[in-house]
Amino acid sequence: MVKQHHVRVYKSEENLAREEQLAHKIAAVAADPVAVVPEVTEMVINRIIDNASVAIASLNRAPIVAARAQALTHAPSSGGKGAKVFGIGERVSPEWAAWANGVAVRELDYHDTFLAADYSHPGDNIPPILAVAQHTGSSGADLIRGIAAGYEIQVNLVKAICLHKHKIDHVAHLGPSAAAGIGTLLGLDIETIFQSVGQALHTTTATRQSRKGEISTWKAHAPAFAGKMAVEAADRAMRGQTSPVPIYEGEDGVIAWMLDGPDASYEVPLPTPGEAKRAILDTYTKEHSAEYQAQAWIDLARKLHREHPGVTDPANVASVLIRTSHHTHYVIGSGANDPQKYSPTASRETLDHSIPYIFTVALQDGSWHHVDSYAPERAARQDTVELWQKVTTEEDPEWTRRYHSLDISEKAFGGSVEITLADGTVVTDQIAVADAHPLGARPFAREQYVNKFRTLAAGLVEEAEIERFLAAVERLPELAPGELDQLNITAAPGVIDLGAAPKGLF
């Protein structure tokens with residue numbers, strides 16, 4: 001069963017034993033050769049399909065074009081055959097494949113999520129682990145083990161250690177988890193994984209300004225950078241290089257100076273030796289291309305659009321009040337005090353983190369589209385701007401409590417809405433979880449993942465290539481060493497113009 005590990009800050013003279021350090025305990029979990037249970041294997045396949053969906057849909061967006069161009073200047077290194085980049089057939093060095101593919105997966109903010117003490121997109125583990133797997137000629141079974149381990153570590157760190165209240169970006173949990181997953185994939189020993197986990201954490205702590213104010217394109221690059229650092233950390237550790245110790249608990253370490261300080265205390269859950277890594281089953285994907293806390297609100301807005309069409313006209317509406325969790329209110333709601341969240345000229349990345357905007361557009365359109373809903377002309381529509389300015393959020397203690405609940409049956413990411421009409425009529429409704437959530441109205445299963453892939457790949461990938469990819473990924477446990485290139489997808493002719501990429505240093 002899962003064991004809770006007490007983690008605190010130690011003074012240097014206390015000389016915390018290596019085996020008692022969190023990074024070492026993470027490494028021990030990663031090195032445990034426990035078998036992967038069938039339901040975890042099925043979910044790994046689902047998430048590879050999910051990542052491919054959103055990566056393909058992003059192929060010609062500016063951050064991906066730039067990251068792909070950078071990757072293509074770095075040929076495969078001598079230690080393996082290189083790794084593939086989504087959309088094209090060329091091979092590059094694995095850390096650069098992790099970079100390019102990581103940006104493609106994250107750009108639309110449209111893949112899986114896990115929310116607890118902190119936030120995460122655990123699918124960000126897949127690009128670096130897959131890149132290393134392709135480079136080293138690993139098997140499908142190896143890849144499944146590596147991805148299951150990456151998810152296990154990230155989910156458990158997210159359950160225990162809050163980064164965001166200290167304005168540290170959530171990719172600080174991704175560097176260690178990706179490094180651990182790579183260690184599992186390659187069958188590295190505990191000491192090597194321990195060193196790579198420490199290096200990955202040390203190089204991936206950054207502030208949350210990347211998700212504040214006018215959100216930039218770095219939002220898509222941040223997890224890719226963490227994945228790239230994890231690949232490089234594993235390489236250094238395999239060459240015998242060491243990392244800062246203890247990286248979490250040291251008196252000048254991450255917890256003491258970046259998180260809760262020298263008096264900090266955490267309980268971090270990790271599976272015991274021989275226990276299956278099942279944490280991926282606690283995660284959930286997105287039906288809509290938007291911040292996860294917006295998923296349920298899009299679904300509720302669609303419902304209100306059908307049931308109360310009059311609320312879509314700002315002339316009929318006096319105010320819209322959304323009562324929700326602390327996070328939703330203060331990070332993507334009016335509690336953030338970001339004027340950009342109400343600006344029709346805001347960047348796509350900013351609109352993606354604005355519940356007032358997202359709820360307004362979904363309410364008026366009765367739908368949500370990963371491109372059209374963010375188009376500048378859509379954001380600038382006069383009736384939308386007028387209604388948008390009437391939407392505010394406030395924290396509701398009960399929805400905050402449910403957001404942080406460890407009981408999956410009551411954990412919630414929604415809230416209630418109160419729409420006051422011009423004639424004094426009040427329309428109210430509420431939603432706890434998104435329709436696609438495991439406890440939602442229409443939980444995602446393999447059929448929905450495949451449909452999401454087909455929908456987003458349409459017009460960008462030829463039908464034969466779509467079928468080839470789906471057949472390969474569903475055979476993942478049987479793929480032999482060296483066959484993981486089959487998990488790459490090639491765009492249809494003319495979709496990608498490599499010559500149109502921006503120029504840089506490389």
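Quick note: the coordinates plus some simple rules give every number you see, no bench work behind them. This one's a predicted model, so the numbers in the text were calculated from it and none came from an experiment. Cβ: placed from backbone, ideal geometry, glycine included. Neighbour counts: every protein chain shown.
Between Arg442 and Arg468, full extension at 0.36 nm per residue minus the direct alpha carbon distance yields a gain of 6.6 nm.
Of Lys3/Lys277; Lys3/Lys159; Lys81/Lys277, which sit over 24 Å apart, Cα to Cα? Intermediate results must be reported in sequence, preceding the final value.
Details: Lys3/Lys277 13 Å; Lys3/Lys159 13 Å; Lys81/Lys277 30 Å.
Over 24 Å apart, Cα to Cα: Lys81/Lys277.
Per residue, the average separation of C-alpha pairs within less than 8 Å and at least 6 apart gives the stretch 2-282 a relative contact order of 30 percent.
Bridging of Lys11 to aspartates and glutamates at a Cα separation below 20 Å is possible for Glu19, Glu20, Glu249, Glu251, Asp252, Asp260, Asp263, Glu267, once same-chain residues fewer than 8 apart are set aside. The order of the peptides 4-13, 271-280, 343-352 by mean Cβ neighbours within 10 Å, most packed first, is 343-352, 271-280, 4-13. Given that just one value was derived from the coordinates, which of (1) -0.18, -0.47, -1.24; (2) -0.24, -0.59, -1.21; (3) -0.32, -0.79, -1.42 is log10 I(q)/I(0) by the Debye sum over Cα atoms at q = 0.05, 0.08, 0.13 Å⁻¹? So the structure-derived entry is (1). Under 5 Å between amide hydrogens, built in the peptide plane, is the criterion, and for Val461 it picks out Ala492 among residues at least 5 positions away or on other chains. The peptide list 311-317, 217-223, put in order of mean Cβ contacts within 10 Å with the highest first, becomes 217-223, 311-317. Listed by chain and number, the lysines placed with their C-alpha closer than 29 angstrom to that of Lys303 are Lys286, Lys341, Lys390, Lys411, Lys452; residues fewer than eight positions away on the same chain are left out.
Just to be sure I understand: of the beta bridges DSSP finds with both ends in the chain, what percent are antiparallel, rounded to 5?
Within the chain, antiparallel bridges account for around 80 percent of the total.
Scoring 257-267, 318-328 by mean Cβ neighbours within 10 Å over their residues and listing the highest first yields 318-328, 257-267. In a DSSP loop and with at most 14 other Cβ atoms within 10 Å, the trypsin sites (Lys or Arg not before Pro) in the stretch 454-506 are Arg475, Lys503.
When the charge dipole of the chain is built from unit charges on Cβ atoms (+1 for Lys and Arg, -1 for Asp and Glu) and taken about the Cα centre, the candidate among Ala131, Tyr10, Ser405 whose Cα reaches farthest toward its positive end is Ala131. Helical runs assigned H by DSSP (4 residues or longer) give the chain a calculated mean residue ellipticity at 222 nm of -13000 deg cm²/dmol, each run adding -39500 (n - 2.57) before division by the residue total. Relative to the 2.2 N^0.38 Å rule of thumb, the stretch 2-282 has a C-alpha radius of gyration ratio of 0.93. Evaluated with a Cβ-only charge set (Lys, Arg +1; Asp, Glu -1), the stretch 292-431 carries a dipole of roughly 160 debye about its Cα centre, given to the nearest 20. Net charge of the neighbourhood of Thr136, taken over other residues with C-beta under 14 Å away and scored Lys/Arg +1, Asp/Glu -1, is -1.
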